[in-house]
Number of protein chains: 2
Amino acid sequence: MLDEPRFDDADLHERVTIGDVAERAGVSIATVSRVVNSRYGVAPATFEKVKAVIDDLGYESSLIARSLRSQRTHVIGVLVADIEPFSAEVLKGAANALRGGDYELVVYSGGHGGDHVGWERRYVSRLSGTLTDGTVLVTPTVAEVSLNQPVVAVDPQSSESAFPTFASQNYEGALTATRHLIELGHRRIGFLGGRRDLESARLREQGYRDALHEAGIEFDAELVLEGGFKEATAAGPARQLLALADRPSAVFAANDLSAIQTMRTAQELGLRVPDDLSVIGFDNVPESALTHPPLTTVDQSIQALGFEAVRTLIALIEQPALRREPPSHVSMPTKLVVRQSTAAPRAATA
Amino acid sequence: MLDEPRFDDADLHERVTIGDVAERAGVSIATVSRVVNSRYGVAPATFEKVKAVIDDLGYESSLIARSLRSQRTHVIGVLVADIEPFSAEVLKGAANALRGGDYELVVYSGGHGGDHVGWERRYVSRLSGTLTDGTVLVTPTVAEVSLNQPVVAVDPQSSESAFPTFASQNYEGALTATRHLIELGHRRIGFLGGRRDLESARLREQGYRDALHEAGIEFDAELVLEGGFKEATAAGPARQLLALADRPSAVFAANDLSAIQTMRTAQELGLRVPDDLSVIGFDNVPESALTHPPLTTVDQSIQALGFEAVRTLIALIEQPALRREPPSHVSMPTKLVVRQSTAAPRAATA
DNA sequence: AACGTTCTCGACAACGATTGCAAGCTGTTC
DNA sequence: GAACAGCTTGCAATCGTTGTCGAGAACGTT
């Protein structure tokens, strides 16, 4: 015991292990383990005695050691690229799904530095099978991961995926959003797209195109730019869109963050929303109700996506037989929320 | 191998362990371990051979097993009660501090169900010393935790804490905010406080009181209510404040979320901000720039708090000798950000 | 009093990695 | 050609738990 330098006894006590409890209670570690997990086969007197020592010493079993031994950890992991409004909503929904159950949540947030794909792979494969019982991927950059535990994805790359996916009816929502603008009288409508690797982004663009088509409006490639789903990445394209000689009278941004950035850019350019420019978003994140003017957007119940994803994941964990079945691909309805960022164009039809 | 029912070979392969790699490469597990950790003493030829097998099999070492054996995990944990704007900002700052370093971040989010104190204790004690090398507590509900690894706190219960703490100059900021209202001509100023167990909330109230005092305005207990720092919990008190017979002409809300809720409530009651009611917040979360009208608030660099907390934590982890020194209590400057939710009262001085 | 059950509890082998130590192999030097 | 040094590699202990198995105690039955 004296062979190690002990810097750390300043105020860090050594961790209390099951062995300490056993020694102090005068029983074997096996018995302590049984008490901790309240298993049968321990005499009431022993049980009480051990329990007292546990309380006394403040012992908590090590999650690590426990999960190394018995594969179940009762922890589910959520992998997000970044903490932004969308993922924050998913997390809230996920947390709600856990209420009352006996699972806990850990969130791995990447976002620090470079290579997303590598990062995801590494995380999933390092943690799966050991720390977590299952994983929820949020807007993943990988389509497939090979691993030994259940996985589900929210807002996936593709709903053809091998694991269950949860998304909104992105196509229908985009159709509705674009139709809303068309009904207001807009004919020159810009589209600020999202990350093309996500199915949601592709479907929203398709909805936009089809709505134009059915209204007999010719598609103009100049009006479609990729905004990357984040404020920082949307700024440039938004500016570019609004700087066009023949400026659109309305912009459909593929998510709220892009829409908010579009409004900000418009205001910087001296354009008034919605008088000079209508803007519509997608997501209905809480922030969208706070903008000036409040943003018209397509509501998708993001929390519900997180909620359902976790529910399904837990079912998959607890009923291994389910894993043999083909994965479900849930698509939740969307709803147009008309606020004040959209209006009829100033001069109807250019 | 045939004694277990194998539901799971549908598409879940067994985890690849170090043993599998060793067997396939025809070396011992010790050698594989050395290759994985790129230690000295492995012949170049062997190194390459093993590396090829690792790539081939897609092996990643188990974080769990690794950390059980060698105490260092290179993972730092962040414990948050909830994912809300404040904690989300802290997380971003924390993630930034990790950029380029060789640490990773896991976030434990509680918030699902009941007993916060118990939850924090359990988490910290179960994870400490095993999964994480250190922990950042964000707005903790416990003042002290006894454990065997470094801990720092952001927005703590008390800056007398035994571990390092990171907060803004809450008192000074609150003083400035209240003075701003007084300078505009307000004399009847409401205060919508925060969670009293947090030092930040107490200091902000003290700043409010002292600013009134120095201006010779008598303190009126009726104008001070506790709003709990969240939108849901602030709604009732905000309504109560604005329903007073002798309604305040301005409200200082102890954080932005409460301020936003106050504005919302005011608008529901038909009051215009800032004409009928001035509102000032605290935090300067991103959302505060989006409100209608944009919120005047006290800026604290929340990301910087997260950033510095992580920096300090890492130093503590890597230099155990530092742990003997008394903990530092960092207090970061604040800045008034005047936007459009504050103005002179309609009829100056009642 | 002898025997069979049931109950309680401890020994011990995993789980998947890291690491100190010693053994094997080469190659050098006298 | 023997002794030794230096590399490379494997053996085995260890981390804190859980789960299996069997030993012994306690009790009831005849």
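For residues in region B:285-303 being surrounded by 24 or more Cβ atoms within 10 Å (Cβ to Cβ) and away from chain A (no Cβ under 13 Å), which is farthest from the chain's Cα centre (by Cα)?
Taking the candidates together, the pick is B:Thr296.
Quickly run through region B:247-290 and pick out the residues that are closer than 21 Å to B:Pro345 by Cβ and out of contact with any strand residue (DSSP E or B) (no Cβ under 9 Å at 6 or more places or on another chain).
Selection gives B:Arg264, B:Thr265, B:Gln267, B:Glu268, B:Leu269, B:Gly270, B:Leu271, B:Arg272, B:Asp275, B:Asp276.
Can you find a residue in region B:179-201 that is free of Cβ contacts under 8 Å to residues at least 12 places away in the same chain, under 22 Å from B:Leu336 (Cα atoms) and not assigned by TED's automatic domain parsing to the domain that holds B:Thr139?
The answer is yes, given that some residue of region B:179-201 is free of Cβ contacts under 8 Å to residues at least 12 places away in the same chain, under 22 Å from B:Leu336 (Cα atoms) and not assigned by TED's automatic domain parsing to the domain that holds B:Thr139.
Is it the case that A:Val78 is outside any loop (DSSP other than H, G, I, E, B), modelled with pLDDT of 85 or more, within 13 Å of DNA strand D (Cβ to nearest atom) and buried (at least 17 other Cβ atoms within 10 Å of the Cβ)?
Here the answer is no, as A:Val78 does not meet what is asked.
Residues are listed down the side, and each one gets a yes or a no for (1) at pLDDT 95 or above; (2) under 26 Å from A:Gln169 (Cβ atoms); (3) of a type in the set (Phe, Trp, Tyr):
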site: A:Glu205; (1), (2), (3): yes, yes, no
site: A:Gly236; (1), (2), (3): yes, no, no
site: A:Gln240; (1), (2), (3): yes, no, no
site: A:Pro248; (1), (2), (3): yes, yes, no
site: A:Ala259; (1), (2), (3): yes, yes, no
site: A:Thr265; (1), (2), (3): yes, no, no
site: A:Leu277; (1), (2), (3): yes, no, no
site: A:Ile280; (1), (2), (3): yes, yes, no
site: A:Ser288; (1), (2), (3): no, yes, no
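For region A:31-43, does any single residue satisfy the condition of being more than 12 Å from DNA strand C (Cβ to nearest atom), more than 12 Å from chain B (Cβ to nearest Cβ), under 40 Å from the mean Cα position of the chain (by Cα) and of a type in the set (Lys, Arg)?
No, the conditions are met nowhere in region A:31-43.
With respect to A:Asp55, determine if the residue is assigned to a helix (DSSP H, G or I), more than 16 Å from DNA strand C (Cβ to nearest atom), among the charged types (D, E, K, R) and over 30 Å from A:Glu287 (Cα atoms).
Criteria met by A:Asp55.
From the set of residues in region B:34-50 that are under 23 Å from A:Tyr123 (Cβ atoms) and surrounded by fewer than 17 Cβ atoms within 10 Å (Cβ to Cβ), which is modelled with the lowest pLDDT?
B:Ser38
Please work out which one of (1) under 30 Å from the mean Cα position of the chain (by Cα); (2) closer than 24 Å to B:Leu295 by Cα; (3) free of Cβ contacts under 8 Å to residues at least 12 places away in the same chain is the condition A:Thr233 fails and give its number.
(2)
The values are calculated or read from the model by the stated rules, or taken from the named source; none is laboratory data. Quick caveat, the model's predicted, so the values are computed rather than measured. Note that each Cβ is placed from the backbone with ideal geometry, even for glycine, and that neighbours are counted across all protein chains shown.
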